[in-house]
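The values are calculated or read from the model by the stated rules, or taken from the named source; none is laboratory data. All values derive from a computational prediction rather than experimental measurement. Cβ placement follows ideal geometry from the backbone for every residue including glycine, while neighbour counts extend to all protein chains displayed. Quick note on the areas: whole protein, heavy atoms, side chains included, nothing else; ligands and nucleic acids left out. Shrake-Rupley method; radii C 1.70, N 1.55, O 1.52, S 1.80 Å.
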Amino acid sequence: MSKQEIKLLTKIVRELSMILLIHGYRRFTLTTDYGKAETRFFLNVKNLDDELRDHIEEKVNREREIEVETYGWELVGDIDSHSELEILGLLIDYVEIEQDGDETFLTFVRKSMYKSKE
Amino acid sequence: MSKILMKPRIALIVMFVLLFTMALYFDDIPTIYRGYIAILQSPSILISDYLEVGGLGATLFNVATILLINVLMISYLKMRMSGPVFAGILTIAGFSFFGKNIFNTIPIYIGIYIYARSQKLDFKSFFIVVLFSTGISPIVSFMIFGIDWAEWFGLAPYWNYWIGVPAGVLVGMFTGFILPAFGAHTIRFHKGYNLYNIGFALGVISMLFSALLRSFEAIDLDQGGPTTELYHSELMLLTIVLSLVFIAIAYVNDLQVHKKYWTLMKSSGRLVSDYIRDYGRSVSMLNVGVLGLMCVIVLWALNFEINGPIMGGILTVMGFGAFGKHPRNCLPVMLGAYLAVALTDFTFDGIGMMTALLFVTAVAPIAGRYGVFIGVLAGFIHVVITPLALVFQEGGFNLYNNGFAAGFVAALMIPFLEAITKSNGEEEN
């Protein structure tokens, strides 16, 4: 994994945490599975607001744009308003959402762009 | 038919045809040819008004060719016409009135291409940087046409080209090579509140070039030229027609487009705001047209006459109508810029303050995020800082001087504003 990709993945973790904290969620679980071809971020939240869930789904499931990613990726993890999910959407290929009672399971998938130089 | 017209790419092709036709209408081919050669051989540093250097026909031809090459490149790379790409194209077109030409932009593109290959990524991955990178293209022209290498080294005059061309090409390629990584880094400095981020990055690089070049007495860094307002009426007409074309395209696609416009105007505009992606092509094109008319009204109200740099400013404001600007976040910072001139000893007599009134919209997202009063303050600070920013870039190699200044404005204001603002960002929805 390239250093650039490692920095990006770290920023995504920070961004996901910030989104939930900004919206007032204080307890959630975030686990990761870093792979060579793709990385998965598993987010487990209780009582996730339907509106926020739909907002995340809409913004993140948009087509990824590499040229915007290379331009603005340094801003990831530094949102300052509750609706700014556009940049995260540029880095994530898709999100899968499952609901089990009051628990929501979100799986964010990012396919690696930077090839390893190792 | 409406499906074809709604494509921003079609709007740009209409623009190319319009510019090309106007070039042939105003001047004959020999005059355009002579003017165009003069433009290509100009050092092109701030401020080189190509209308003064080569005349109206040649300048419009220069703008049209640059526009065409970039639109063809987008087609060849199969790029989506996103907001940033649209803004980049119109910015290039705008600055082709005063500093960019086919000759001085290509080495920078090659440098970015080499960087992309070194990162094992496609060239198109850095296309936004490519589009904005040419703000420093005067350094290429200056190395070739602005330095008398032969006299400096006591050689025959033909050595000017033998030394100048490789020097210009290499410096351009070097700048292109370092820019993608540096541009991504500088965006953190102002946290995305300076829409001309690459302008800021180029300002820092330009500062390095200025520092190096001014170390040699043989190099004259003060080569800026006069501007001309001879073609004010034609360019005013061109701006109005272009604005109306964009508005017409929006309405051809969606007769109710104005009802969706307010949603776009509620956005802060902070980087990276792709309005075409977020709000659709019709609303974005309407916004582009409205911003064009807004510029016309402001210039008319202040009795400004259009020259090359001002035309560049208008097209840049219009282009960013797809990438972060709208009247609601632009007008407060423009008012702040106006007040800075009205309340201090600055005047609108010089070209610097006139263009600053348009380019101050680089900090429009500050108004979009923090409201009218803070926006006015940002505009005020921007105008006060801009002349100082130019001092650090002696030689005028960075055409985006206002982008350099805007980076400092945002970096000064945003940390404080973030500290005193509640974290929930309720202003947006």
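With springs connecting C-alpha atoms under 10 Å apart, model chain B as a Gaussian network and identify which of B:K266, B:K325, B:K100 has the largest mean-square fluctuation. Looking only at B:K266, B:K325, B:K100, the largest GNM fluctuation is found for B:K266. Classification of segment B:170-256 by its C-alpha gyration tensor yields an oblate form. The axis ratio a/c (a ≥ b ≥ c) is 1.5 or more, and b/c is at least a/b. Provide the net charge surrounding B:R214, with neighbours chosen by a C-beta distance below 11 Å and charges set as Lys +1, Arg +1, Asp -1, Glu -1. With Lys, Arg at +1 and Asp, Glu at -1, the net is -4.
Just want to confirm a number: the relative contact order over segment B:280-429, from Cα pairs under 8 angstrom separated by 6+ residues, in percent. Kindly include the intermediate steps, with their values, before the conclusion.
Working: 172 pairs, mean separation 32.0, N = 150.
Result for segment B:280-429 is 21 percent.
Taking 0.36 nm per residue of sequence separation and removing the Cα-Cα distance, the B:T421/B:V372 pair yields an extension gain of 16.1 nm.
Highest mobility in the GNM of chain B, judged by mean-square fluctuation with C-alpha springs under 10 Å and restricted to B:G371, B:G146, B:G403, is found for B:G371.
Would you calculate a helix-derived [θ] at 222 nm for the protein assembly as shown, using -39,500 (n - 2.57) for each DSSP H run of n ≥ 4 and dividing by the full residue count, to the nearest 500? Each step should come with its number before you reach the end.
Numbers: 25 runs with 344 residues, N = 547.
Mean residue ellipticity at 222 nm (helix-derived): -20000 deg cm²/dmol.
In segment A:52-73, which residues become less accessible by 50 Å² or more once every protein chain is in place, relative to the chain on its own, using a 1.4 Å probe? At a threshold of 50 Å² (probe 1.4 Å), the residues of segment A:52-73 that become less exposed are A:R62, A:E65, A:E67, A:T70, A:Y71.
Indicate the gyration tensor shape class of segment B:2-213 (rounded, prolate or oblate), computed on the Cα atoms with a ≥ b ≥ c the square roots of the eigenvalues: a/c under 1.5 is rounded; otherwise a/b larger than b/c is prolate and the rest oblate.
Values: a/c = 1.91, a/b = 1.09, b/c = 1.75.
Cα axes put segment B:2-213 in the oblate bin.
The angle between the Cα long axis of helix A:3-22 and the main principal axis of chain A comes to about 20°, on a 0 to 90 degree scale. Charges were assigned to the Cβ only: +1 to each Lys and Arg, -1 to each Asp and Glu. The resulting dipole of the protein assembly as shown about its Cα centre is roughly 960 debye.
In segment A:1-68, Cα pairs under 8 Å separated by at least six residues give a relative contact order of 20 percent. Which pairs break 30 Å Cα to Cα here: A:K36/B:K78; A:K46/B:K260; B:K120/B:K260; A:K36/B:K266? In this structure, A:K46/B:K260; B:K120/B:K260; A:K36/B:K266 lie more than 30 Å apart at Cα.
Selection among B:Y76, B:Y279, B:V376 by position relative to the dipole of chain B gives B:Y279 as farthest towards the positive end (Cβ unit charges, Cα centre). Per residue, segment B:138-257 exposes 45 Å² of accessible surface when a 1.4 Å probe is rolled over the protein heavy atoms with every protein chain present.
Compute, for segment B:232-420, the length of the dipole vector about the Cα centre, with Cβ point charges of +1 (Lys, Arg) and -1 (Asp, Glu) only. Units Debye, rounded to 20. Display every interim value, and only then the final one.
On the way: 9 positive and 9 negative charges, 151 e Å.
Dipole magnitude for segment B:232-420 comes out near 720 debye.
Note on exposure: A:R64, A:R26, B:R281, B:R9 ranked by accessible area (1.4 Å probe, complete protein assembly) read A:R26, B:R281, B:R9, A:R64, with the most exposed listed first. For segment B:290-351 versus segment B:17-69, the inter-centroid distance based on Cα atoms is 24 Å. Look at the Cα gyration tensor of segment B:232-420: its axes a ≥ b ≥ c give a/c of at least 1.5 with a/b at or below b/c, and that counts as oblate.
Burial of accessible area (probe 1.4 Å, heavy atoms of protein chains only) in segment B:270-286, relative to its chain alone, reaches at least 40 Å² for B:R270, B:V272, B:R277, B:D278.
Can you give me the relative contact order of chain B as a percent, contacts being Cα pairs under 8 Å and 6 or more apart? Don't skip to the answer; put the middle values down first.
Values: 821 pairs, mean separation 89.4, N = 429.
In percent, rounded to a whole number, it is 21.
Taking the Cα centre of chain B as origin, sum charge times position over the Cβ atoms of Lys and Arg (+1) and Asp and Glu (-1), and report the length of that vector in debye to the nearest 20.
Numbers: 23 positive and 23 negative charges, 405 e Å.
Once rounded to the nearest 20, the dipole reads 1940 debye.
Interface residues of segment B:126-171, defined as those with an accessible-area decrease of at least 50 Å² between the chain by itself and the complete set of protein chains (probe 1.4 Å), are B:I128. Nonpolar atom fraction for segment B:1-102, defined as the carbon and sulfur part of the 1.4 Å probe accessible area, stands at 71 percent. Excluding ligands, DNA and RNA, what is the accessible area buried between chains B and A, summed over both sides, using a 1.4 Å probe, to the nearest 100 Å²? Using a 1.4 Å probe, the pair buries roughly 3000 Å².
The modelled label-to-label distance between B:M265 and B:T31, using points 7 Å beyond Cα along the C-beta direction, is 4.2 nm.
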